[in-house]
1. Is it the case that some residue within region 116-132 is over 26 Å from the mean Cα position of the chain (by Cα), of a type outside the set (Lys, Arg) and at pLDDT 90 or above?
2. I'd like the full set of residues that are surrounded by fewer than 24 Cβ atoms within 10 Å (Cβ to Cβ) and in contact with a Ser or Thr (Cβ under 9 Å, 6 or more places away or on another chain), limited to region 288-301.
3. Taking VAL343 as the residue in question, decide whether it is surrounded by fewer than 17 Cβ atoms within 10 Å (Cβ to Cβ) and over 23 Å from ARG504 (Cβ atoms).
4. For region 243-256, does any single residue satisfy the condition of being β-branched (Val, Ile, Thr), part of a loop (DSSP other than H, G, I, E, B), closer than 30 Å to ASP605 by Cα and open to solvent by less than 10 Å² (accessible area, probe 1.4 Å)?
5. Any residue in region 184-200 that's closer than 20 Å to ILE78 by Cβ: show its pairings with residues that are of a type in the set (S, T, N, Q) and open to solvent by less than 10 Å² (accessible area, probe 1.4 Å) at Cβ separation under 7 Å, as long as the two are six or more apart or on different chains.
6. Is one or more of the residues making up region 270-283 farther than 30 Å from LYS110 by Cβ, open to solvent by less than 10 Å² (accessible area, probe 1.4 Å), touching a strand residue (DSSP E or B) at 6+ places or on another chain (Cβ under 7 Å) and among the β-branched types (Val, Ile, Thr)?
7. Of the residues ILE421, ILE450, only one is assigned to a strand (DSSP E or B) and open to solvent by 10 Å² or more (accessible area, probe 1.4 Å); which?
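The values are calculated or read from the model by the stated rules, or taken from the named source; none is laboratory data. All values derive from a computational prediction rather than experimental measurement. Heads up, the Cβs are rebuilt from the backbone with ideal geometry, glycines too, and the neighbour counts pull from every protein chain shown. Please note that ligands, DNA and RNA were not included when accessible areas were found on the heavy atoms of the full protein model with its side chains. Shrake-Rupley method; radii C 1.70, N 1.55, O 1.52, S 1.80 Å.
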Amino acid sequence: MFGLDKFYWEKYFMFTKQHQPACHTAGLPYPPPSSWPSGTGFATGTISLGEVDAVQISTFEDIWSSFEGGNNDKGVTIYKPVDLPSGYSVLGYYGQDNSIPETGWVLAVKENQSHAVGGIMDFKFLEDFSSSSIVDCSTGKATAVGEFRGVPGERTSTSHALASPVDYVMVWSSQAWNGKQNGHCWFWFPVAPEGYKAVGFLATNTEEKPGLDSVVCVRMDLTEDCIAAEKMWDAGGFSKVSPFSIWGTKPRVRGVTQKGVDAGCFSCFISCNAGCQVPVACVSNTNLHLSAMPTLEQVQSVQASYGPTLVFHPDEVYLPSSVSWFFQHGALLYAADSTATPVHVSSDGSNLPQGGDNDFAFWLDLPSDGSADEVKKGNLESAEVYIHVKPVYGGTFTDLATWIFYPFNGPSCAKFKVLNIPLGRVGEHVGDWEHYTLRVSNFTGELRSIYFSQHSAGTWHQPFELEYKSRNRPLIYVAKSGHPVYAHEGVNLQGDEKRGIGLRNDTMYSNILLDTREKYQIIAAEYMLARYNEEMPKEPPWLQYMREWGPKFDYDKTAMLNNILKYLPQQIRVPLQDIISKLPDEVLGQEGPTGPKQKNNWFGDERDHL
């Protein structure tokens, strides 16, 4: 495409606003596959959440736009979902930051007749977030604009899963805002009937309240707590009255076994920080139905469609290898309570200690036969990525958490503005596990985002933000020496970017590539066994090794750094020491990591800013 070896989709994405109604896509360069291998409910458009069925709606009409404030001072647009399938109702409206292409969705739901008006169930009641739809999270105080009317009690045989609101409360109007906008907007909070909760806000371009059939509320026991995710917009200094901000939401508790479902709706606040509880709820996949999760053949098709190409720095010394190559080339197992000769690890790791926890009783190390320096360099020809497939957001999305193994992690290099400062052996360790995660919609089969892991944290990127090798296959840039992953090439500074101080994580395009579309192994997909007792990928023995993949060298990190930095001028040394001292031990330590199954994202969500 475009005659390039790689292309950056955002440069070619049309940012111009479309005529109403407009269909928001996932932002991929090409449409996703029109068909998938046959299976259960993956990519069929509808997902059962127990007592309700859900669909994703991506067709919207503009309600209101501001043209300043928010991210990059581009403003925000509020959209009304339209063109719903027969019998479905929306839970709330959609809002989006104007600095990015229109790529969003919201859920629409209808009562599942096979579950409706069922037998008695015990309520799982959530804490009554009692007083309002507009909350000041800095103080915990709320402005009383309407109650949540949930009343603890038993479900009766006539309790429907969905109900219309009984009223609306107007929470803010852009009449109080004198920034640039196309008309005025009124924001409304649905007042739920007793025993129900609102899931989203609405907006209108007139003062008239929305119709009671504009949205539906969800019975309390079918909901989960929700928190603020990312801020889209705030009224800032333009507001004549109290502050006002618009945020995306996500379930408060997330992970493989959690039931909360992201409805895609926005929420409103007086004041808020990321992670504070919002006045609306998330829908719950009550019985954690997993019928929409892909089969093994469908996972393989997803990987064939979206499998990224890993791009290594042209000066990279420490490349990845397969785990079996590392074992076959002399990796040794040491025991802390033994003076015996270390044991050579079998090619599949079957003679490694299995299960348990990291009690520091064992560790792996490089061969002792003189080949260690060569093994450190890895072996790209043997390299493959290792994929853990897992449900997220109550089984409405699938994560392909993808792990890469390196026999060795190279040393760190600091940067102070234009000055580069090698840090000796600081940061070196045997064995390095890094990862990224593809998040795919189980409604449509579309790639919705990729998580780029960067040592102790990471960042999510949507498809329009990425570069592509061909069609819908993104490029993932691997930083030189330390191997965190990024969406683009450049000097990725870990520290204080504004002052230009921190550790360098350099990425650059090269011909050193790993095509994960073919070079991969699915190492775990526990839901397949849990769902229908279907055959799941066999977990390799090395995955059950819970100890460290390299030895630990005890050293005084502060003393070592001081020895390296002591000859620098004070105006450079002091701020550099300050930045480096705040970095996590896993960045600068000399200790091998534990394997993928010991990481908190194995059963949890990724470590983003929340």
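1. No; the residues of region 116-132 include none that is over 26 Å from the mean Cα position of the chain (by Cα), of a type outside the set (Lys, Arg) and at pLDDT 90 or above.
2. Within region 288-301, LEU288, HIS289, LEU290, SER291, THR295, GLU297, GLN298, VAL299 qualify.
3. Judged against the criteria, VAL343 is a match.
4. No.
5. HIS184/SER174; CYS185/SER174; PHE189/SER133
6. no
7. On inspection, the qualifying residue turns out to be ILE421.
Yes/no matrix, rows are residues, columns are (1) in contact with a strand residue (DSSP E or B) (Cβ under 9 Å, 6 or more places away or on another chain); (2) more than 21 Å from ARG219 (Cβ to Cβ); (3) in contact (Cβ under 8 Å) with a residue 12 or more places away in the chain:
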{"site": "GLY45", "(1), (2), (3)": "yes, yes, yes"}
{"site": "ASP53", "(1), (2), (3)": "yes, no, yes"}
{"site": "GLN56", "(1), (2), (3)": "yes, yes, yes"}
{"site": "SER65", "(1), (2), (3)": "yes, yes, yes"}
{"site": "ASP73", "(1), (2), (3)": "no, yes, no"}
{"site": "VAL76", "(1), (2), (3)": "yes, yes, yes"}
